[in-house]
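The values are calculated or read from the model by the stated rules, or taken from the named source; none is laboratory data. Treat the numbers as computed from the prediction; the structure is a model and nothing was measured. Cβ sites come from the backbone with ideal geometry, for glycine too, and all protein chains shown count toward neighbours.
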Amino acid sequence: MVGISGLELTPVEKEILLHPLVGGVILFSRNYASITQLKALTTTIHQLREPHLLIAVDQEGGRVQRFKEGFTQLPPVRRLGELYDLDAKRAKRLANTMGWLMAAELRSVGVDLSFAPILDLDSGVSQVIGDRAFHSNASVVANLAHAYMSGMQKSGMAATGKHFPGHGSVVNDTHTSIAVDERRFEDIAQKDMVTFERMIHYGMAAVMVAHVIYSQIDSKPAGFSPIWLRKVLRQNLGFQGVVFSDDLGMEAAGHAGSIQDRASSAIEAGCDMVLVCNTLDIIPDLLDNLPVYNDPASHLRLARLHGRKSMEYDELRSSALWKQAVAAVSTLV
């Protein structure tokens, strides 16, 4: 899954997206100017290939919402956790509504998935998680994330839980530095992994893996670790969905070597799809040097992430359901 540079595809990017090793595109704020432009871009990307390339974005709300004008401004999901402490039933209803609203708006412009919900626990130390987490309690996170995922599914979007096995207990931001979690496996399993285990049981379609090193378990970051991906996630937790790497261009991924080494190591460890989001100049060289991987089971898992039928943008915004959802979510802002 690759990033692109601007508001429309360049000739070189069209060629890259036709490469057999490319399976998706991730969009950012740099790729958005208006609803009309975004719909044209997603249509162009989807028309390139059959089956079409996956189109993804990070549209969590709060600090992490790539598309703003023309979309509902979503609050950080922490607001749902705060409400849960006062009124759990209302919080779960609103989580469902917020998941539906986020996904419905994206599906109406041709985006297949948002990398959401966050399943990390807020332990009060992480620079990058913070109010992106629903709560500090694993059971609360699982309850809210389940409701949120159900809302996404109603809009025709699969859910991706992140960042396995849990990013909330490290101070450092893996975008800019190496992050090490020195806790024992038992402590991680009994706390952070509870949310992932519950969401797997509920039928979550995909996970994104943390670039955190859990030093008591493996010297490699989780996204490059067969222990975490093949043994713990697949074997122990029984996860059968898609495993995404986090962005291979992040500083913490440098532990795995060159970009070719990172991609190969992540795939060999058990990732179905690896992301190169912002270091766009390295993508052609990576594609030229990466061995061709052809795993039928992986292809089948990825095919299940294609967005399902949805309302068009104008139809959605004129619907009573959308107006009610916007009004409900606005109470959290």
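The single condition among (1) in contact with a helix residue (DSSP H, G or I) (Cβ under 6 Å, 6 or more places away or on another chain); (2) closer than 28 Å to SER177 by Cβ; (3) among the charged types (D, E, K, R) that ASP122 does not satisfy is (1).
Restricting attention to region 177-205, the residues that are among the aliphatic types (A, V, I, L, M), within 23 Å of MET157 (Cα to Cα) and not in a loop (DSSP other than H, G, I, E, B) add up to 2. Is at least one residue of region 20-34 over 22 Å from ILE283 (Cβ atoms) and surrounded by fewer than 22 Cβ atoms within 10 Å (Cβ to Cβ)? The answer is yes, given that some residue of region 20-34 is over 22 Å from ILE283 (Cβ atoms) and surrounded by fewer than 22 Cβ atoms within 10 Å (Cβ to Cβ).
Applying the condition of being assigned to a loop (DSSP other than H, G, I, E, B) and of a type in the set (Val, Ile, Thr) to region 134-176 and asking which residue is modelled with the highest pLDDT yields VAL170. Only residues that are touching a Leu at 6+ places or on another chain (Cβ under 7 Å) and assigned to a helix (DSSP H, G or I) were counted in region 237-265, giving 5.
Checking each residue in region 59-75 for being surrounded by 20 or more Cβ atoms within 10 Å (Cβ to Cβ) and outside any loop (DSSP other than H, G, I, E, B) picks out GLN59, GLU60, GLY61, GLN65.
Within region 21-44, residues that are assigned to a strand (DSSP E or B) have Cβ atoms under 8 Å from residues that are among the small types (Gly, Ala, Ser) in these pairs: GLY24/ALA56; VAL25/GLY3; VAL25/ALA56; ILE26/GLY3; ILE26/ALA56; LEU27/GLY3; LEU27/ALA56, counting only partners at least 6 apart in sequence or on another chain. Where helices (runs of 4 or more DSSP H) fall wholly inside region 269-326, the ranges with 3 or more residues that are in contact with a Ser or Thr (Cβ under 9 Å, 6 or more places away or on another chain) are 313-317. Has region 209-219 got at least one residue that is modelled with pLDDT under 95, under 19 Å from ASN294 (Cα atoms) and out of contact with any Phe, Trp or Tyr (no Cβ under 9 Å at 6 or more places or on another chain)? Checked against the condition, which is being modelled with pLDDT under 95, under 19 Å from ASN294 (Cα atoms) and out of contact with any Phe, Trp or Tyr (no Cβ under 9 Å at 6 or more places or on another chain), region 209-219 yields no hits at all. Within region 273-326, the set of residues being of a type in the set (S, T, N, Q), farther than 26 Å from GLU105 by Cα and surrounded by fewer than 18 Cβ atoms within 10 Å (Cβ to Cβ) comprises THR279, ASN289, ASN294.
Restricting VAL109, VAL125 to those that are among the hydrophobic types (A, V, I, L, M, F, W, C) and surrounded by fewer than 24 Cβ atoms within 10 Å (Cβ to Cβ) reduces the list to VAL125. Taking the condition modelled with pLDDT under 95, more than 30 Å from THR97 (Cα to Cα) and either under 22 Å from the mean Cα position of the chain (by Cα) or not in a strand (DSSP E or B) (or both), does GLU50 pass? For GLU50, the condition - modelled with pLDDT under 95, more than 30 Å from THR97 (Cα to Cα) and either under 22 Å from the mean Cα position of the chain (by Cα) or not in a strand (DSSP E or B) (or both) - is met.
Taken over region 80-98, the criterion of being free of Cβ contacts under 8 Å to residues at least 60 places away in the same chain and either closer than 17 Å to PHE67 by Cβ or crowded, with 24+ Cβ neighbours inside 10 Å (or both) is satisfied by ALA91, ALA95.
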